[in-house]
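Engineer: One structure coming up, written as structure tokens, with questions to follow.
The values are calculated or read from the model by the stated rules, or taken from the named source; none is laboratory data. No experiment lies behind these values; they were computed from the predicted model shown. Cβ sites come from the backbone with ideal geometry, for glycine too, and all protein chains shown count toward neighbours.
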């Protein structure tokens, strides 16, 4: 009887030890996880980071044939304790502009340009809590553009809402989007539109357009030929006709 009792006691004692070991392991694991989470928070590795983008242009109004036009893009991590990972800026330039890659001579981030869509993609990698990155982007105007939708000499106002050309006439527009692999709880500040007012330069031979016309991506115009040139072309045509007719008559005679 004593042996059986002792055996039971021995079995219960070993089971208690095993439970204690398991409980200690669980407590240690929980402690380690809490420590890791605390370190991540301290290092800015939370799973949520609100990033935003803003754009300004200079000069505005921009006098054509007087490059460059500079867009200043500012990307901000508004989080207090989270790092924004894998931040990417996508800049859709107006189709009547072209990117000047000398803008990035002093920067080390990776970028590429899709010439078909005129879209510039910039890979910023990580942005720490409360930090921001400023990106200057220089562009020039091509030989086909649309201007004088806004006939004033006032600068255009950018916003997070795409401008309505009927209510806010503009000449060219730049659209910039920022994204991150870290969850962003507020996407209302991730897309920015910056229009620019163009002014005709002294060497411009493009004709102006009415504000009532819907602005396409761009409109190319052909300069009108002077009346004296048209008259000269007409006289050459008439002279050629008379000469050919005389030769035909001479051949028949």
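Engineer: Given the options 187, 243, 249, 233, name the one that is out of contact with any strand residue (DSSP E or B) (no Cβ under 8 Å at 6 or more places or on another chain), part of a loop (DSSP other than H, G, I, E, B) and modelled with pLDDT of 75 or more.
Structural biologist: From the options 187, 243, 249, 233, the qualifying one is 187.
Engineer: Counting just the residues of the range 197-230 that are assigned to a helix (DSSP H, G or I) and surrounded by 10 or more Cβ atoms within 10 Å (Cβ to Cβ), which one comes out modelled with the highest pLDDT?
Structural biologist: Filtering first and then ranking leaves 230.
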